[in-house]
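For reference, the structure discussed in these notes is given below.
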Amino acid sequence: MNRYSFASLVRHGIMGHRGWKPAWRDPEPKTNYDAVIVGGGGHGLASAYYLAKNHGLNNVAVLEKGWLGGGNTGRNTTIVRSNYLLDSNARFYEHGMKLWEGLSRDLNFNVMFSQRGVINLAHSKGQLEAFRRRGNAMRLNGIDAELLNRDDVAALVPGMDVSGDVRFPVEGGLLQPRGGTARHDAVAWGYARAADRRGVDIIQNCEVTGIRRDHAGVSGVETSRGFIASKRIGLAVAGHSTQLAAMAGVRLPIESHVLQAMVSEPVKPVLDTVVTFGAGHLYVSQSDKGELVMGGDIDGYNSFAQRGNLPVIEHVAACLLALFPQFSRLRILRTWGGIMDMTMDGSPIIGTTPVPGLFLNGGWCYGGFKATPASGWVFAHTMATGQPHALNADLCLDRFHRGRALDEKGAGPKPWAH
Amino acid sequence: MLLIDCPHCGPRAQTEFSYGGAANVARPPAPEETDDAAWIEYLYLRDNAKGQHDELWQHIFGCRRWLQLRRDVISHEIISCSELRRPLAEDGP
Amino acid sequence: MADFRLHSGGLIDRDRKISFTFDGRSYQGYHGDTLASALLANGVRLVGRSFKYHRPRGIYGLGGEEPNALVRLRQGARAEPNIRATQIELYEGLVARSQNNWPSLRWDAASALGLVSRFLPAGFYYKTFMWPRRLWPHYENFIRRMAGMGRSPEAPDPDHYEKCHGHCDVLVIGGGPAGLAAALTAAEGGAQVWLADEGAQLGGGCLNDGDASAARDTIAALESLDNVTLLRRTSVFGKYDDHLYGLVERTGDHLASPDLGMPRQRLWHLRAGRAVLASGAIERPLVFANNDRPGVMLTSAALGYLRTYAVRPGSRAVINTNNDSAYGAAAILAAGGIEVAAIVDHRHMKERREIPGAEILHNHAIIDTRGKKGLTGVTVAQLDINGDAVPGSERQLACDLLCLSGGFTPSVHLYSQAGGKLAFREDIQSLVPKSEVPGMTVVGAANGDFGESEFIAGGAAMDRPVSLRKFRRKQFIDLQNDVTAADVELAAREGYRSVEHVKRYTTLGMGTDQGKTSNLNGIAVLSDALDRPPAEVGVTTYRPPYTPVTIGALAGRDVGPFLAPDRRTPMQECHEKAGAAFVPAGLWQRPHYYPRPGETMTEAVNREVLAVRRNVGIVDVSTLGRIDLHGPDVAEFLNRVYINGFKALAVGMCRYGVMLRDDGMIFDDGTVARMAETHFIMTTTTANAGPVMAHLEFYLQVVWPELRVHMTSITDQWAVAAVAGPRSRDLLDSLDSDIAFANQAMPFMAWRGGAIGGIPAQVFRISFSGELAYEIAVPADYGPAMWEMLLAAGQEFDVNPYGTEALTTLRTEKGHFVMGPEADGRATADDMGLGAMLSSRKEFVGRRSLRLPGLAGGDRLHLVGLMPVDGRSQIPPGAILLDKEMAGRAPDKAGHVTTSVFSPSLDKPIALAMARNGRQRLGAQLWAHSPLDNRIVEVVITDPVFVDPMGERLRA
């Protein structure tokens, strides 16, 4: 295992980069593990890393059906924020934010976490008042938040049209200065490398086809590479949580939906913050490579196809031009889709399940990427101790049965409405 | 973009419709006599079939009828579209 | 400067000279040229700098595959970055500039990065820039500045775009020989056929052949048929569900600016019965050291410049190949006056061929090139039996053009988007469609149907001499992103072995050319590095769009004020004339307040509120949703969707109702009037007009289809004004009406129909302000007349029109919750203090959920009033309520402020709030804390009804 640093880069550069070791091993699965995590995306890999690091569990396998980070980890718009209204969400995501701030060095892998600020725009007095409430709640939860008026927004986002001549003039916004973006693939790779270094077996091209149960709970997983025994199984397969949980006979309050994202051709720096439009569905930032990275609403119907349709893309384009009419002549380079676990209340589900030894980390809706470190942290705790961490106590599956849904948007039990 | 063959209006673009979720979720006929578990199951739990999915759509910019579709959620192919069949939990259109 | 233009031939019009500038220098070309062909004709070879190392780059391809020649086209608001010179049709006065260089294209300071490039391998940024943490923003800033390519325009686009819908039986994608033939066959069979091609001229590869007459005949035949639509300059960029294709037609890009009234581009939503994919194939380059200098070009591109544009892309050429197609090409180049110095063929062949004047070097490879800003020569070497360069066999060949011919890659992107699977074919060393996908047929070169000369007998997709694989010098695979063979090998070495990992780690194929010339070579290098056959390495997913699509085209007309429709009430013009300040409410613009000259907003709102409390005011409430319900079961239906009972509602009376979702949360509220035994009119909130309609239709059609109810939305059919205030009855009485407004004749919550001032009207005695009030509904067209009549008649009562701000103050004084601030989708009826309304004698939507522990529990937020303890301080809107004893500790919130106003009636600030167990805490003192503006105000919890708690005024 090579340590990454400027010095090592120079040293290997002189040697023609022939000395770099694989970032992670490619082990054969063992027959038995102390814990098995299904899903080699950011959440699964982070969970494995924290199981090893925080809880001393090293005999752990991460099973990935395809390639690491090939699901939503590599398909999102890379936004990191903790600007939530409800306490349970806010505290959880803020714990994640703190982990993000030290992540590159903790993993010895630069995940390019860029705290450039996340602005939610308001286009009416009512929206601004709602942001006041959210901003105040955030501040009292120890999260940074600033309320912006129109001039503040104009100063932070110089290219934005804040004139009154548009359909939904900008009234102001809510800024989280510590929010920003990160390099999504690097998060999976960084966690994989760091987990591997602590002895975790990362096994790609290994599809779980069944979950075996005995009288005491789970006893292992059937995979395309044979049976692997474990008394602790964690599912971190957002997009397909219902399918995996069903293997153990558990039904979930989740539907799978497709969410599209897109990038423009790269241009020199034009946008230094993350901006969310408040009168339509658009969030946009500029990647370090120069592409405008954009997303919008889910397509709005159940789907397991990693592709969507034109209406959402056209809406995103129109919203972008509402804020930045000068981007009209730029071009969309790539669009893609990912499969979201949309929950019935728009909040994630992390914790225990009715089946002993089976743990669920899913239901991320569109918010999974930013949660990666916090999710791994509390999921590792839950898997190691059998009990939820204080930060995910309210995020467990049983909240629905207790009538304690965490409806951040107040949209009710319609997963496509969150 | 999906093309939904509305039994009243003919084939129309998906943008004329609004999605209404799984069709095999029947509201308990006597909620007050339903226990918590069954009520929660109706409110929140879904099969989320990966394959053929029975679902409701409303033709909001057309006849405003609620329709029942069977659609492949992997290929997005619409296998059938019809007026609602009742009871809803019955197997498909 | 040498003239590279031939005196005859080509498809250019030599009678139409065109002047243009590149990097500020003037040049001439002809009508029919592209910017690329015109630059080549003028001997301009250096046209750009690469993304990462800023290496000099020239024109490489002929069309959409071009990775290098990206320019900034046009100026000012029409400037566009990253446009491929190969696809820009020349027009008079065209202005183009090179990109990604400083201070100039020739002398680019950043090319010094080449000196340290060995420390910048693929993914170098993942390994460094981590210490110290505080410097990362500076590192990132530097990375961002070095990255990017062109500059974004800075002014709004002066052009417009439009969207069209099309339907056809057969869509043919690509106007080359295969596409033309398919289109003609389909059209002759009677089908409605559309054919789209990216170029200005149809013919595809035929244009480059000596004889395009056959293609011309087919085009003429197609043009003569009524059932054929030919779309030139049109890219089919995406395949979507149910055979919908996305097309962009570039209607104005070949002109300096679009013709008057014409869009710049047109986005087509084309629904095709089936599609014929005839998108052809793209030539693959070969990979060796320094294979990126200006003067290195695809062989097919060189042929295209010569044949289509009558331009010699060089004077002395070397051709590097692994297949037979290069020999025919060499002959054509030679005939065009280009000296072909050598054909360097990787293959060991028995059969000898002759090209006059050209040296044929079998079993040779190019191992390096020379030339700083343009190619001056190549180094070739003989290969031994292992495919290794024979030491000492190196030779230098002088040339200014190096044509690469590494086989052809079928353009299967749209097939792949349609869900088609690919198979690796050895004889062409490429991926081809494996099987039919429903609704799409792939034909011609796109299907791998090549001429025999294009087969790569026995070779690998990209044979590099074995010894070269250890070369330190850069061997580019992806020219645009500067991804080298060594980068791909490094990725594989570091464990990034999936082809998707390699793409993401190295950025291979992620440039604006989307890897059209690099993907296959990347697979070949990876296959080498992993020692696995290319078929196993696989391919990254092809995603739309096939070619980049202008954001403006995707937005179409939904720009500026047209992003969303404007909803206007019938009285909108009255409000505009009255100088109202407006506030958006969904798609509506509602009067916020009506300032009089010299008045501030606060003064205006206070005046309007007091007018209602003391005299009379009128407000436009036409935006509220209005639903007409008919049928014998309407009362039963209402009973099931509202928490309170409706069966006993008498004809001629109204009732307030609250609706829940089935999860027990408040969904909407409004009033229902019983117009007749089987006829009701329901109102909804403005925001929920649509959702409530859909909600009711759901229950009616899906859950209780047995109920005989018919519903219609009538929001747009009625203009409605509320007349509120103690003198509202006086005002109405002063009008000519057959309705008796007296308290006994028309008590609180009654409605009456009749005529007012000759206008048919329905009058509802309901109140949101808490005052004596009437809502007058008239058919929409009468709205302005009614409004003006009320204002005119109201003068003697000092009537004031009032806006939503006064409305908010009035309802806050009365403790009325609204959807949004108070009922935020997480609140129950009991939270709002409406527990008594919940009927226990019937089932209704949402009732069952109220028994769940979380909803019935003892720690819910209740609607309460707040007053500042000091009686003066404004209560910060959006403030969080904290228990005073919790000061300094991790706060467990006691609630939050939902609506904060100054009450002119009480002459002090008041607020509504949601407070935990608030109704049990009346009189308790809390802190309303707003860290955002650093304010803390001591407040006391009160009953939410501040004015007239007994409701005497509205019954007066």
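The values are calculated or read from the model by the stated rules, or taken from the named source; none is laboratory data. No experiment lies behind these values; they were computed from the predicted model shown. Here the Cβ positions follow ideal geometry from the backbone for every residue, glycine too, while neighbour counts run over all protein chains shown. Note: areas computed on protein heavy atoms with side chains; ligands, DNA, RNA excluded. Shrake-Rupley method; radii C 1.70, N 1.55, O 1.52, S 1.80 Å.
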List the number of the failed condition for C:His929; all other conditions in (1) in a loop (DSSP other than H, G, I, E, B); (2) closer than 20 Å to C:His862 by Cα hold.
(1)
Across the stretch C:259-280, what is the number of residues that are surrounded by 19 or more Cβ atoms within 10 Å (Cβ to Cβ) and assigned to a loop (DSSP other than H, G, I, E, B)?
5
Report those helices (runs of 4 or more DSSP H) wholly inside the stretch C:491-560 carrying at least 3 residues which are open to solvent by less than 30 Å² (accessible area, probe 1.4 Å) and at the interface with chain A (Cβ under 10 Å from one of its Cβ atoms).
C:499-506, C:551-555
Among (1) surrounded by fewer than 24 Cβ atoms within 10 Å (Cβ to Cβ); (2) modelled with pLDDT of 95 or more; (3) farther than 26 Å from C:Pro548 by Cβ, which single condition is C:Ala460 missing?
(2)
Single match in C:Phe698, C:Phe667 (criterion: open to solvent by 10 Å² or more (accessible area, probe 1.4 Å), within 12 Å of another protein chain (Cβ to nearest Cβ) and assigned to a strand (DSSP E or B)):
C:Phe667
In the stretch C:239-258, the residues that are part of a strand (DSSP E or B), within 13 Å of chain B (Cβ to nearest Cβ) and open to solvent by less than 20 Å² (accessible area, probe 1.4 Å)
C:Tyr240, C:Leu244, C:Tyr245, C:Gly246
Determine if the stretch B:4-16 includes at least one residue that is crowded, with 20+ Cβ neighbours inside 10 Å and either of a type in the set (Phe, Trp, Tyr) or facing another protein chain (nearest Cβ under 8 Å) (or both).
yes
So A:Gly96 ticks every box in (1) assigned to a helix (DSSP H, G or I); (2) at the interface with chain C (Cβ under 9 Å from one of its Cβ atoms); (3) under 17 Å from the mean Cα position of the chain (by Cα) but one. Which box is left unticked?
(2)
Which one of these is more than 30 Å from A:Ala182 (Cβ to Cβ) and modelled with pLDDT of 95 or more: C:Gly61, C:Gly76?
C:Gly61
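If you go through the stretch C:640-660, how many residues are charged (D, E, K, R) and in contact with a helix residue (DSSP H, G or I) (Cβ under 8 Å, 6 or more places away or on another chain)?
2
Working only within the stretch A:93-151, note down all residues that are without any contact (Cβ under 8 Å) to a residue 12 or more places away in the chain, open to solvent by 10 Å² or more (accessible area, probe 1.4 Å) and not basic (Lys, Arg).
If we filter the stretch A:93-151 for residues that are without any contact (Cβ under 8 Å) to a residue 12 or more places away in the chain, which is where we start, we get A:98, A:102, A:105, A:126, A:129-130, A:136, A:139-140, A:151.
Checking which are open to solvent by 10 Å² or more (accessible area, probe 1.4 Å) leaves us with A:98, A:102, A:105, A:126, A:129-130, A:139-140, A:151.
Within the stretch A:93-151, A:Gly102, A:Gly126, A:Glu129, A:Ala130, A:Leu140, A:Asp151 meet the criteria.
Of the residues C:Leu303, C:Leu286, which is open to solvent by 10 Å² or more (accessible area, probe 1.4 Å) and more than 36 Å from the chain's Cα centre (by Cα)? Before you say what the answer is, go through the steps one by one.
Details: C:Leu286 fails: open to solvent by 10 Å² or more (accessible area, probe 1.4 Å).
Checking each option against the conditions leaves just C:Leu303.
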I'm checking my understanding of the structure. Among residues of the stretch C:840-884 that are crowded, with 23+ Cβ neighbours inside 10 Å and touching a Phe, Trp or Tyr at 6+ places or on another chain (Cβ under 6 Å), which one is nearest to C:Ala829 (Cα to Cα)?
C:Leu863
Applying the selection to the stretch C:932-951, what residues are modelled with pLDDT under 95 and assigned to a helix (DSSP H, G or I)?
C:Asp933
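Provide a single number: the residues in the stretch A:30-52 that are surrounded by fewer than 19 Cβ atoms within 10 Å (Cβ to Cβ) and closer than 16 Å to A:His389 by Cα.
So the count comes out to 0.
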Checked against (1) of a type outside the set (Gly, Ala, Ser); (2) within 14 Å of another protein chain (Cβ to nearest Cβ); (3) open to solvent by less than 10 Å² (accessible area, probe 1.4 Å), C:Trp704 satisfies every condition except (3)
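Considering only residues of the stretch A:259-293 that are in a loop (DSSP other than H, G, I, E, B) and of a type in the set (Val, Ile, Thr), which is most open to solvent (accessible area, probe 1.4 Å)?
Keep residues of the stretch A:259-293 that are in a loop (DSSP other than H, G, I, E, B), which gives A:265-266, A:268-273, A:277-282, A:287-291.
Then keep just the ones that are of a type in the set (Val, Ile, Thr); that gives A:270, A:273.
Working: A:Val270: 49, A:Thr273: 7 Å².
Taking the candidates together, the pick is A:Val270.
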State whether the residues of the stretch C:741-752 include one that is free of Cβ contacts under 8 Å to residues at least 40 places away in the same chain, assigned to a strand (DSSP E or B) and either open to solvent by 10 Å² or more (accessible area, probe 1.4 Å) or of a type outside the set (Val, Ile, Thr) (or both).
no
Filter pass, A:Gly70 being in a loop (DSSP other than H, G, I, E, B), touching a residue at least 24 places away in the same chain (Cβ under 8 Å), surrounded by fewer than 23 Cβ atoms within 10 Å (Cβ to Cβ) and at the interface with chain C (Cβ under 7 Å from one of its Cβ atoms)
yes
Please work out if C:Phe129 is over 29 Å from C:Tyr245 (Cα atoms) and either at the interface with chain A (Cβ under 8 Å from one of its Cβ atoms) or outside any helix (DSSP H, G or I) (or both).
yes
May I ask you to verify whether A:Ser256 is hydroxyl-bearing (Ser, Thr, Tyr), more than 14 Å from A:Arg75 (Cα to Cα), away from chain C (no Cβ under 11 Å) and open to solvent by less than 10 Å² (accessible area, probe 1.4 Å)?
yes
Could you list, in sequence order, the residues of the stretch C:774-822 that are open to solvent by less than 10 Å² (accessible area, probe 1.4 Å), assigned to a helix (DSSP H, G or I), over 16 Å from C:Arg607 (Cα atoms) and of a type in the set (A, V, I, L, M)?
C:Met786, C:Leu790
Taking A:Asp297 as meeting all but one of (1) within 7 Å of chain C (Cβ to nearest Cβ); (2) in a strand (DSSP E or B), write down the number of the exception.
(1)
Could you tell me how many of the residues in the stretch C:585-608 are crowded, with 20+ Cβ neighbours inside 10 Å, in a strand (DSSP E or B) and not hydroxyl-bearing (Ser, Thr, Tyr)?
3
Residues that are of a type in the set (Gly, Ala, Ser), at least 3 per element: which strands (runs of 3 or more DSSP E) completely within chain B meet that?
B:18-22
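More than 24 Å from A:Asp299 (Cβ to Cβ) and among the basic types (Lys, Arg): is that true of B:Arg27 in this structure? Quick ask: steps written out before the conclusion?
Numbers: more than 24 Å from A:Asp299 (Cβ to Cβ): yes; among the basic types (Lys, Arg): yes.
So B:Arg27 fits the description; yes.
Would you check if there is a residue in the stretch A:236-249 being within 25 Å of C:Pro565 (Cα to Cα) and either at the interface with another protein chain (Cβ under 10 Å from one of its Cβ atoms) or part of a loop (DSSP other than H, G, I, E, B) (or both)? Full working, then the answer.
Taking the stretch A:236-249 and keeping what is within 25 Å of C:Pro565 (Cα to Cα), we get none.
No, every residue in the stretch A:236-249 fails to be within 25 Å of C:Pro565 (Cα to Cα) and either at the interface with another protein chain (Cβ under 10 Å from one of its Cβ atoms) or part of a loop (DSSP other than H, G, I, E, B) (or both).
Looking only at residues in the stretch C:226-255 that are aliphatic (A, V, I, L, M) and touching a strand residue (DSSP E or B) at 6+ places or on another chain (Cβ under 8 Å), which one is farthest from C:Ile83 (Cα to Cα)?
Initial filter on the stretch C:226-255 (aliphatic (A, V, I, L, M)): C:228, C:230-231, C:236, C:244, C:247-248, C:255.
Filter once more, keeping what is touching a strand residue (DSSP E or B) at 6+ places or on another chain (Cβ under 8 Å): C:228, C:230-231, C:236, C:244, C:247-248.
Numbers: C:Val228: 31, C:Leu230: 25, C:Leu231: 21, C:Val236: 18, C:Leu244: 27, C:Leu247: 18, C:Val248: 16 Å.
Among them, the one singled out is C:Val228.
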Quick check on my filter: what residues within the stretch C:5-28 are of a type in the set (Gly, Ala, Ser) and more than 37 Å from the chain's Cα centre (by Cα)?
C:Ser8, C:Gly9, C:Gly10, C:Ser26
